[in-house]
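Working notes for the structure below.
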Amino acid sequence: MSAATNDPFPTPSFAARAAGARLEPYRIERRPPGRNDVAIRIRYCGICHSDLHQLRDEWGGAIFPMVAGHEIVGTVTETGAGVQRFQPGDTVGVGCMVDSCRTCASCRTGFEQFCENGSTLTYNARDRQGNITYGGYSGAIVVDEAFVLRVTHANEQLAGAAPLLCAGITTYSPLRHWNVGKGSKVGVAGLGGLGHMAIQLAHAMGAEVTLFTRSADKAAEAGRLGAAAVVVTGDAAAMAAQQRRLDFVLDTISAPHDVNAYLSLLRRDGTLVLVGAPNQPLPVAAFPLILGRRALAGSLIGGIAETQEMLDFCAARGITSQVETIRIQDVNEALERLARSDVKYRFVIDMRSLETAGEPA
Ligand code: NAP
Ligand code: ZN
Ligand code: ZN
């Protein structure tokens with residue numbers, strides 16, 4: 001461990017003060033590292049579509065000012081006396097959760113994301129002491145070591161590793177749970193941050209991947225990520241040719257859409273898993289389900305041990321997110337572009353830019 005101070009430390013960040021407001025410089029206080037805490041200087045933070053949903057309060061219940069960001073990679077600067085697994089200088093990651101009850105049946109079996117007493121989300125939440133949590137669009141974060149991940153990607157890969165902490169685990173977990181492997185025929189709906197990780201991960205697991213996208217201009221690149229075929233969803237004949245072909249579909253679409261069109265792609269007993277989280281209900285027709293005993297399911301990020309497994313899987317294979325690295329000063333324009341699906345395929349903020357971002361007004 002290193003010398004610990006007992007005072008909260010002021011930390012620069014960018015926050016939205018109200019739903020839909022521009023993000024501006026904001027000063028937060030991080031707690032002094034407690035016995036089991038790791039203090040982390042944040043180097044990179046990805047911009048997930050969930051940040052956009054929450055910054056615009058599309059899911060309801062948002063807490064402002066909000067410091068978003070849950071795809072965090074950084075360097076350990078300080079550790080509490082009880083910390084066993086980390087030391088200053090280590091490269092680490094933090095994803096969507098920073099705590100959970102640790103005693104319920106879900107927590108005890110590695111499903112902290114389904115904590116029956118509610119896991120503590122990295123931002124836009126209250127921690128177990130009642131304090132508001134602030135995420136990765138900031139210079140530093142303090143997290144209990146039980147929720148800190150080890151990142152072993154090479155230094156030049158760290159910007160691309162940050163999105164693994166949400167986009168990576170959110171796609172890895174359902175692919176594993178539904179036993180995708182060699183010979184599986186997998187469909188991925190939507191080519192954004194989650195979609196481009198799903199293609200790479202399913203391909204690495206041995207699946208034959210078909211991408212479904214609205215965007216003909218993304219088609220060429222899907223092959224490079226590992227897709228065997230691309231279907232532009234506006235092409236009715238191409239969609240019809242895919243009926244009853246797939247074992248599994250991972251739906252990453254962020255907006256309301258016709259889920260029945262994707263159910264019809266499944267063979268008998270196939271499963272469609274929603275990971276996208278539109279803020280409106282998705283009407284489901286009976287026939288695409290009953291004709292073929294198909295299943296519709298959902299999945300939420302992944303547990304901590306599984307997140308480490310995913311990071312190690314990716315590091316061993318050199319898998320990263322394809323990123324566009326930006327300065328924090330450009331975060332508002334990046335969020336606008338993300339809303340238009342105009343990013344290939346993940347914005348990542350280089351947090352060194354905070355040093356020149358100016359003081360809070
Ligand atoms: P993203 O980068 O914006 O990608 C979403 C993709 O969905 C877009 O690139 C676009 O793909 C497609 N899309 C967008 N609007 C559409 C529309 N109106 N109709 C059809 N397709 C549309 O977002 P992301 O960061 O990957 O996140 C995707 C969703 O997953 C979000 O709702 C997010 O909140 C959710 N999420 C869930 C979890 C979880 O644990 N379940 C975790 C993280 C994120 P094309 O241009 O290729 O059509
Ligand atoms: Zn996310
Ligand atoms: Zn629990």
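The values are calculated or read from the model by the stated rules, or taken from the named source; none is laboratory data. Please read these numbers as outputs of a predicted model, since none were measured by experiment. Here Cβ is always computed from backbone atoms with ideal geometry, including for glycine, and neighbour counts include all displayed protein chains. The area values use the complete protein model at the heavy-atom level, side chains included, leaving out ligands, DNA and RNA. Shrake-Rupley method; radii C 1.70, N 1.55, O 1.52, S 1.80 Å.
The set of residues from region 110-126 being away from ligand 3 (no atom under 14 Å from the Cβ) and either over 16 Å from the mean Cα position of the chain (by Cα) or surrounded by fewer than 15 Cβ atoms within 10 Å (Cβ to Cβ) (or both) comprises A125, R126.
So which of A154, A146 ends up being more than 16 Å from ligand 3 (Cβ to nearest atom), of a type outside the set (S, T, Y) and open to solvent by less than 50 Å² (accessible area, probe 1.4 Å)?
Working: A146 fails: more than 16 Å from ligand 3 (Cβ to nearest atom).
A154 is the lone residue from the list that is more than 16 Å from ligand 3 (Cβ to nearest atom), of a type outside the set (S, T, Y) and open to solvent by less than 50 Å² (accessible area, probe 1.4 Å).
Of the residues making up region 285-343, those that are touching an Asp or Glu at 6+ places or on another chain (Cβ under 8 Å), open to solvent by 60 Å² or more (accessible area, probe 1.4 Å) and within 30 Å of L55 (Cβ to Cβ) are T325, R327.
All told, D350 meets the bar of being open to solvent by less than 40 Å² (accessible area, probe 1.4 Å), more than 15 Å from the chain's Cα centre (by Cα) and farther than 29 Å from Y262 by Cα. Taken together, D37, D57 contain a single residue that is in the same structural domain as R327 (by TED's automatic domain parsing), open to solvent by 20 Å² or more (accessible area, probe 1.4 Å) and touching a residue at least 24 places away in the same chain (Cβ under 8 Å), which is D57.
Counting the residues of region 166-176 that are in a helix (DSSP H, G or I) and either of a type in the set (A, V, I, L, M, F, W, C) or over 12 Å from G303 (Cα atoms) (or both) gives 6.
Just one of (1) open to solvent by 10 Å² or more (accessible area, probe 1.4 Å); (2) farther than 29 Å from D350 by Cβ; (3) within 16 Å of ligand 3 (Cβ to nearest atom); (4) not acidic (D, E) fails for S100. It is (1). Cβ contacts < 9 Å: first residue in a loop (DSSP other than H, G, I, E, B), restricted to region 292-311; second residue of a type in the set (A, V, I, L, M) and away from ligand 1 (no atom under 12 Å from the Cβ), any location; separation 6+ or different chain. Result? Going by the 9 Å Cβ cut-off, the qualifying pairs are G292/L263; G292/L266; R294/L263; R294/L266; R294/L272; G302/M310.
Okay, residues lined up against (1) at pLDDT 95 or above; (2) open to solvent by 60 Å² or more (accessible area, probe 1.4 Å); (3) in contact with a Leu (Cβ under 7 Å, 6 or more places away or on another chain):
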residue: P8; (1), (2), (3): no, yes, no
residue: R17; (1), (2), (3): yes, yes, no
residue: P33; (1), (2), (3): yes, no, no
residue: I42; (1), (2), (3): yes, no, no
residue: C48; (1), (2), (3): yes, no, no
residue: P65; (1), (2), (3): yes, no, no
residue: G69; (1), (2), (3): yes, no, no
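Taking the numbered list (1) more than 22 Å from the chain's Cα centre (by Cα); (2) within 16 Å of ligand 2 (Cβ to nearest atom); (3) among the polar types (S, T, N, Q) in turn, Q84 passes all entries but (2).
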